[in-house]
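**Student:** Structure in structure tokens, see below.
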Amino acid sequence: MSIKEQFVQYIHTLQDSICSGLEGVDGKAKFFEDKWERQEGGGGKTRVIANGSVFEKGGVNTSVVHGALPKTMQETFKVPESNFFAAGLSLVIHPLNPFVPTVHANWRYFELYDTEGKRLDCWFGGGSDLTPYYVFEEDARHFHTTLKNAIAPFGAGLYQEYKQHCDAYFVNKHRGDEMRGIGGIFYDYLRPKNIEDEQRMFEFQQANGNAFLPAYLPIAEKRKDIPYAEKETVWQEIRRGRYVEFNLIHDRGTLFGLKTNGRTESILMSLPPRARWYYDYQPEAGSREAEMMKYYKPGMGVNE
């Protein structure tokens, strides 16, 4: 079985596992599935949960697409006329309770071919990150430590390297380099050197994907029943606005999907159902919300 066949099989199994785990925590809402086809080649399975007791909105999507590489992407990758194959799982979960963090993750594999079908390049990418509206440091440490332990067998320095990549990537540069959340790990363009390295990288992807539920579910379980009021919900929606800004302005996955005629509904499922924007909003001095702002400064978050 080729590496791309193995990867496709894995992400569909992982999609089932993650959806089942999230439904178990919610206890009310269930994912519904919307299968779609891409006219140029391939398609995907979009799974959405909404109006649950814990999760207000979320999606766990898989896509397997292929075809001619659009000219805009040829320019991005600096390649001539080419064909591509891309497969991945992408998820975003927006909880109802402001004390439960939003979470994002994706794991993907890409191949590039010449017009004769010869594979010219391939790479893996992905990661997961946490966006709390109110930080509990023990939760942040749990999330980071779980990811660190998952990838430790693949290299002692990988966690710190990919954590730094994550901190540098999930940033709203137009907001003075304000971080979207407290990070996690992020990596891209991991190119295997040979067949053995290709298999090792696939196993690395599996380790990351398998770490998602142990990293996130205990946090959601612990915080889902904390009482909250309108003040906390307003703050949650203001910070969700920052989340929207990043996804629509900076996120490479969103831009790639839109530029390759991906399914718009599936791509934009990452957006929250409610968000707010106030002109030049500043949290009240000395408030818990003002204290939160320190976590959104690069280098000031919580590690493992």
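**Student:** Tell me, which residue of the range 102-122 that is within 17 Å of the chain's Cα centre (by Cα) and within 29 Å of ALA68 (Cα to Cα) is most open to solvent (accessible area, probe 1.4 Å)? Explain how you work it out, then say what you get.
**Tutor:** Step one: list which residues in the range 102-122 are within 17 Å of the chain's Cα centre (by Cα), which gives 102-110.
Now narrow it down to the ones that are within 29 Å of ALA68 (Cα to Cα): 104-110.
Working: HIS104: 18, ALA105: 0, ASN106: 23, TRP107: 5, ARG108: 67, TYR109: 3, PHE110: 15 Å².
Once the filter is applied, the top-ranked residue is ARG108.
**Student:** Same structure again: Go through ALA150, ALA168 for me and flag whichever is among the hydrophobic types (A, V, I, L, M, F, W, C), in contact (Cβ under 8 Å) with a residue 60 or more places away in the chain and in contact with a helix residue (DSSP H, G or I) (Cβ under 8 Å, 6 or more places away or on another chain). Show your work before the answer.
**Tutor:** Working: ALA168 fails: in contact with a helix residue (DSSP H, G or I) (Cβ under 8 Å, 6 or more places away or on another chain).
On inspection, the qualifying residue turns out to be ALA150.
**Student:** Taking the conditions exactly as written (outside any strand (DSSP E or B) and either of a type outside the set (A, V, I, L, M, F, W, C) or farther than 30 Å from PRO227 by Cβ (or both)), does GLY44 satisfy them or not?
**Tutor:** Working: outside any strand (DSSP E or B): no; either of a type outside the set (A, V, I, L, M, F, W, C) or farther than 30 Å from PRO227 by Cβ (or both): yes.
It is false that GLY44 is outside any strand (DSSP E or B) and either of a type outside the set (A, V, I, L, M, F, W, C) or farther than 30 Å from PRO227 by Cβ (or both).
**Student:** Hey, among GLN205, GLN199, which residue is farther than 30 Å from GLU291 by Cα, part of a helix (DSSP H, G or I) and in contact with a strand residue (DSSP E or B) (Cβ under 7 Å, 6 or more places away or on another chain)?
**Tutor:** Details: GLN199 fails: in contact with a strand residue (DSSP E or B) (Cβ under 7 Å, 6 or more places away or on another chain).
Residue meeting the stated conditions: GLN205.
**Student:** Looking at (1) under 15 Å from VAL92 (Cα atoms); (2) in a strand (DSSP E or B); (3) open to solvent by 10 Å² or more (accessible area, probe 1.4 Å); (4) not small (Gly, Ala, Ser), which is the only condition ILE49 fails?
**Tutor:** For ILE49, the failing item is (3).
**Student:** Here is a further query. Considering every residue within the range 270-291, establish whether at least one is in contact with a Gly (Cβ under 9 Å, 6 or more places away or on another chain), in a helix (DSSP H, G or I), within 26 Å of TRP36 (Cβ to Cβ) and open to solvent by less than 80 Å² (accessible area, probe 1.4 Å).
**Tutor:** Yes, the range 270-291 contains at least one residue that is in contact with a Gly (Cβ under 9 Å, 6 or more places away or on another chain), in a helix (DSSP H, G or I), within 26 Å of TRP36 (Cβ to Cβ) and open to solvent by less than 80 Å² (accessible area, probe 1.4 Å).
**Student:** When you look at ARG141, is it modelled with pLDDT of 95 or more and either polar (S, T, N, Q) or farther than 18 Å from LEU22 by Cα (or both), yes or no?
**Tutor:** Yes: the conditions hold for ARG141.
**Student:** Go through the residues of the range 227-235 one by one and say whether even a single one is at pLDDT 95 or above and open to solvent by less than 20 Å² (accessible area, probe 1.4 Å).
**Tutor:** Start the filter on the range 227-235 by keeping residues that are at pLDDT 95 or above, which leaves 227-235.
Filter once more, keeping what is open to solvent by less than 20 Å² (accessible area, probe 1.4 Å): 235.
Yes, there is a match, as at least one residue in the range 227-235 is at pLDDT 95 or above and open to solvent by less than 20 Å² (accessible area, probe 1.4 Å).
**Student:** Still on this structure: Just the residues that are of a type in the set (Gly, Ala, Ser), open to solvent by less than 60 Å² (accessible area, probe 1.4 Å) and over 26 Å from ALA290 (Cα atoms), please, taken from the range 123-177.
**Tutor:** GLY125, GLY126, GLY127, ALA150, ALA152, GLY155, GLY157
**Student:** Do we have any residue at all in the range 229-247 that's in contact (Cβ under 8 Å) with a residue 12 or more places away in the chain, in a loop (DSSP other than H, G, I, E, B) and more than 30 Å from ARG119 (Cα to Cα)?
**Tutor:** Narrowing the range 229-247 to residues in contact (Cβ under 8 Å) with a residue 12 or more places away in the chain: 232-247.
Narrowing further to those that are in a loop (DSSP other than H, G, I, E, B): none.
Looking for residues that are in contact (Cβ under 8 Å) with a residue 12 or more places away in the chain, in a loop (DSSP other than H, G, I, E, B) and more than 30 Å from ARG119 (Cα to Cα), one finds none in the range 229-247, hence no.
The values are calculated or read from the model by the stated rules, or taken from the named source; none is laboratory data. Keep in mind it's a predicted model, so treat the numbers as computed, not measured. No Cβ is skipped: glycine too gets one built from the backbone with ideal geometry, and neighbour counts run over all protein chains shown. Side chains are part of the model used for accessible areas, which takes the heavy atoms of the whole protein and leaves out ligands, DNA and RNA. Shrake-Rupley method; radii C 1.70, N 1.55, O 1.52, S 1.80 Å.
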